[in-house]
1. Would you mind giving the average projected area, over all directions, of the Cα convex hull of segment 134-208 in nm² with one decimal?
2. Percent relative contact order of segment 189-257, based on C-alpha pairs within less than 8 angstrom and at least six residues apart?
3. Report the relative contact order of segment 1-77, percent, no decimals, based on alpha-carbon pairs under 8 angstrom and at least 6 residues apart.
4. For Cα pairs less than 8 Å apart in space and 6+ apart in sequence, what is the mean separation divided by the residue count of the chain, i.e. the relative contact order in percent?
5. Using all alpha carbons of segment 317-435, what is the percent of pairwise distances in each 5 Å bin, ordered from the shortest bin to the longest?
6. Quick one: HIS363, HIS313, HIS428, fewest Cβ neighbours within 10 Å first, how do they rank?
7. Enumerate the whole-percent occupancy of each 5 Å bin, from 0 to the last occupied one, for all C-alpha pair distances of segment 192-323.
8. Quote the Stokes-Einstein diffusion coefficient, in whole µm² s⁻¹, for segment 277-350, based on the Kirkwood radius over alpha carbon pairs, a temperature of 20 °C and a viscosity of 1.002 mPa s.
Amino acid sequence: MKIKNFGHNVAFTPRHFYCPQTEAEVLEILNNHKNGQVRVAGGLHAWSRAIISDDAFLDVSGLSQIKLEKDNEGTCVIVGGGTKLETLVKVLAKQNFAIPAMGGIMQQTVGGLASTATHGTGRSSFSHYIQSVRVAAYDADGNAKIYEFENGDELLAARTALGCMGVILSLKIPCIPRYWLTESSKVSQTLDEVLAGETEWPLQQTAIIPYSWKFLVFRRKIGEAQSFWGRLRSRLMRVSSYFITEITPHLILKSILLLPWNRTATVQYYKNIMPLLLRESTVTNQDYKGLTLHTRHHYTFRHVEMEVFIPEHNFKPAFSVVRQITEWFAGITSELDPVLVQDLEKAGLLQEVQAAKGSYTLHYIMFIRKVMPDDSLIGMTANQKTRYALGFFTYHRNSARQGYWDFTKTMAKILNRLFDARLHWGKHFPLEHQDIARLYPDMEKFKNICQKVDQKGVFQNEYTRKVFGLES
Ligand SMILES: Cc1cc2nc3c(=O)[nH]c(=O)nc-3n(C[C@H](O)[C@H](O)[C@H](O)COP(=O)(O)OP(=O)(O)OC[C@H]3O[C@@H](n4cnc5c(N)ncnc54)[C@H](O)[C@@H]3O)c2cc1C
């Protein structure tokens, strides 16, 4: 059975495909593959190669219980690892609860969210809030066993483990009361203006229009409960926004990409036309509806993203470099800033950048989100640093993505070497262990914990071995 991820950039055929319905069945599968390889399917929305298994591949959508519990801290939910996020948030919403953090879509599973530290904006990632994790892995004799990690380094490791600590059977996270989210879109001319808005709008996220370098800020904060008429207005705005913000711009972009002179057209579109289309408006929605408004029916517009996490203090200089390098690749600037030239030379990247002049035109807006620190060992914001996440997308079909692969590889290296950027584990990941190891002080601790529950490396694959620097 051939498996393809959302972006169609990862495809593989595992030798064995299972759909266990109980924990006992998971243990049996692990025992049968104790000398092989085991990986788990979530919603197949990761773009990195984390998902691949040549041997056993488990669809754990049967493990999808949802149970609310009250303790001294409040209400929490114990949720099966194969539960789709959309199912979870809708069940919780009926009880007037929400989860503390989620990203821009709801098609992932809970196990997938946890495995790659899926995040939204203005808060820590989903992983940070996990209070305990139940996994199926191996004991010291190599027999399958269930572990429940509730504290200590094991819990911190299991909060973001890329599937390397075993099969997530269930996890526990706190519930928060449902809330209303007010979003005001605002066009800004400078990054300073964008960042200044964070104090009042802590949940904001920002689209950067390339080549015109204007910003459309989706300023967000917790809002007031809406009356019947307010709710009706929000609903109508969601419908119109679906066409104006989601469908129309993507259709225009797809049409531009079909043109023979699409690179020039792309630059002209973002420079001269899109700024005229930007509209400012305010709407208040309930939590998950507001957080996911613009990504419904996203299968129509398949894409790939690489997301870099830049430490807060480096973000402004890094952004200036992103702008220069993007224009350099697009061939619309003929000279790089002399200071950048020196920095690239020191970082051993000057020749690579010089050779790339005019080789690729980035054709999609970039996104800025602010991600607060995670209490985990290897999450993208682990180790107490707030980071700005910056996403680079392609909407080309898979066979036409070579320019994007080259562009993102060079961009990732530049941002990694000059600004200590980390990459999202679940998105396109063009860096190697030697690039990233220095940025994860707890990586060795993480690897040791993985080894304790998986001495033979059954849960590792080519991707995890590459990024963790393990021998194949
Ligand atoms: C359109 C789109 C929008 C996105 N938006 C965001 C966003 O806003 N923020 C963000 O941070 N990310 C975002 N992502 C990335 C996505 O959230 C992550 O890649 C996430 O890991 C995908 O979850 P999934 O359930 O699809 O997992 P999969 O892609 O199926 O798997 C991801 C990894 O988790 C492992 N895994 C899954 N379930 C289990 C389990 N039960 N036990 C052990 N390991 C498991 C898999 O083996 C694999 O290594 C987006 C992706 C897409 C395609």
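Here, each number is a calculation from the coordinates, and none is a lab measurement. Worth saying up front: this structure is predicted, and the values here are computed from it rather than measured. Virtual Cβ from ideal backbone geometry, glycine too; neighbours counted across all protein chains shown.
1. 8.4 nm²
2. After rounding, I find 22 percent.
3. Relative contact order here is 35 percent.
4. 18 percent
5. Once binned at 5 Å, the Cα pair distances of segment 317-435 give 2, 10, 21, 23, 20, 14, 7, 3, 0.
6. Least to most surrounded, the residues fall as HIS313, HIS363, HIS428.
7. It works out to 2, 8, 14, 19, 20, 18, 12, 5, 2, 0, 0, in whole percents.
8. The estimated diffusion coefficient comes to 130 µm²/s.
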